Amino acid sequence: MSNAKNNYTRITTNTLAELKSGGRKIAMLTAYDYTMAGIIDKAGIDVILVGDSASNVMAGHETTLPITLDQMIYHAASVVRGVKRALVVVDLPFGAYQADSKEALRSAIRIMKESGAHAVKLEGGYQIQESIERILQAGIPVMGHLGLTPQSIYKFGTYSVRAKEGSEAEQLIKDVEMLEKAGCFGIVVEKIPAKLAEKITKKVTIPIIGIGAGAAVDGQVLVVNDILGMNKEFSPRFLRRYLDLDEAISGAVKAYTQDVKNQDFPNENEQY
Ligand code: KIV
């Protein structure tokens with residue numbers, strides 16, 4: 001990539017293909033703002049997803065449906081400014097690509113132009129094949145998302161495991177093959193049986209990134225707020241917490257509040 005703003009070797013979609021073919025795993029996390037993106041980029045994450053989960057964890061909505069294209073672009077541009085090495089992928093939000101493939105392409109172009117991100121992610125298989133192909137034809141890298149697709153929550157009715165049944169599993173395999181053939185550089189599979197995830201991972205040459213899809217996939221993705229323990233109410237089986245940031249932040253805020261009230265802060269060295 002020319003005009004790189006650093007000396008790091010940037011992660012590209014080719015890097016991810018090499019990681020898969022070399023049998024090395026891919027680590028992906030979400031981020032929604034400049035500061036967090038900078039921290040996780042420096043820590044060595046391969047892929048940063050500006051997920052539409054921003055609708056939940058940043059804005060407090062119950063689902064991912066309300067977030068708008070403008071809001072996704074705001075989050076994505078903030079993340080891009082903080083990142084020097086990772087590949088930045090941005091979710092096309094609900095309502096920005098379902099109507100037709102022209103609208104899908106327009107939305108993808110806006111994300112790439114206005115945020116500086118490197119790729120987009122869309123939820124769905126055969127239903128959005130034309131949109132995926134159109135975006136790819138414009139030279140925009142596309143990541144697929146199959147299994148539990150949260151933008152369709154009101155169709156599913158629950159957030160439970162998908163593709164347990166024969167016909168749904170068969171369709172998912174067909175969709176994976178279609179996405180590979182179309183030219184997607186990777187696919188996120190969410191909440192599907194580990195055995196099915198293993199089968200599709202072996203079937204295709206593009207990286208399969210799992211969330212609640214077991215260990216046999218090519219990489220893992222989680223929401224950064226969840227691994228840092230910022231949301232104790234969300235405790236699915238697939239989540240591993242690496243920090244109790246809720247507790248740590250609460251402790252720091254209590255100590256600061258006490259210091260202010262007791263007139264311990266600021267002291268002589270903390271003033272001009
Ligand atoms: O929006 C999101 O955060 C996602 C991941 C959890 C895969 O799509």
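Observations on the structure shown:
- Each Lys or Arg adds one and each Asp or Glu takes one away; over the other residues whose Cβ falls under 15 Å from the Cβ of LEU243, this sums to -1.
- Förster-model FRET efficiency, 30 Å R0, ALA182 and PHE156, C-beta, rounded to 0.05: 0.80
- The value for the chain of Rg(Cα) / (2.2 N^0.38 Å) is 1.07.
- One Cα centroid belongs to segment 118-188, the other to segment 254-272; the line between them spans 53 Å.
- Pairs from LYS121/LYS174; LYS25/LYS102; LYS232/LYS254; LYS42/LYS195; LYS20/LYS191; LYS102/LYS191 whose Cα-Cα separation, in the structure shown, is over 27 Å: LYS25/LYS102; LYS42/LYS195; LYS102/LYS191
- Considering only LYS25, LYS164, LYS254, the Gaussian network model of the chain with Cα springs below 10 Å gives its largest mean-square fluctuation to LYS254.
- Using a simple spin-label model with pseudo-atoms 7 Å out from Cα toward Cβ, ASN269 and GLU247 lie 2.9 nm apart.
- Carbon and sulfur %, accessible surface of the chain computed with the full protein complex present, 1.4 Å: 51 percent
- Note on the chain: with a GNM built from Cα contacts shorter than 10 Å, the maximum mean-square fluctuation among GLY144, GLY214, GLY22 falls on GLY22.
- For segment 198-257, GluC sites (Glu not before Pro) meeting the loop criterion (DSSP other than H, G, I, E, B) and having at most 14 other Cβ atoms within 10 Å: GLU233.
- Contour excess over end-to-end distance, with Cα ends at LYS164 and ARG24 and 0.36 nm allotted per residue: 47.6 nm
- Averaged over its residues, segment 13-241 has an accessible area of 45 Å² per residue, based on protein heavy atoms and a 1.4 Å probe.
- Coil-residue GluC sites (Glu not before Pro) of segment 16-105, DSSP, other Cβ within 10 Å capped at 11: GLU62
The values are calculated or read from the model by the stated rules, or taken from the named source; none is laboratory data. Predicted model, so just to flag it, every value in this text is computed and none were measured. Neighbour counts run over all protein chains shown; Cβ positions are idealised from the backbone, glycine included. Only protein heavy atoms, including side chains, enter the accessible area calculation; ligands, DNA and RNA are left aside. Shrake-Rupley method; radii C 1.70, N 1.55, O 1.52, S 1.80 Å.
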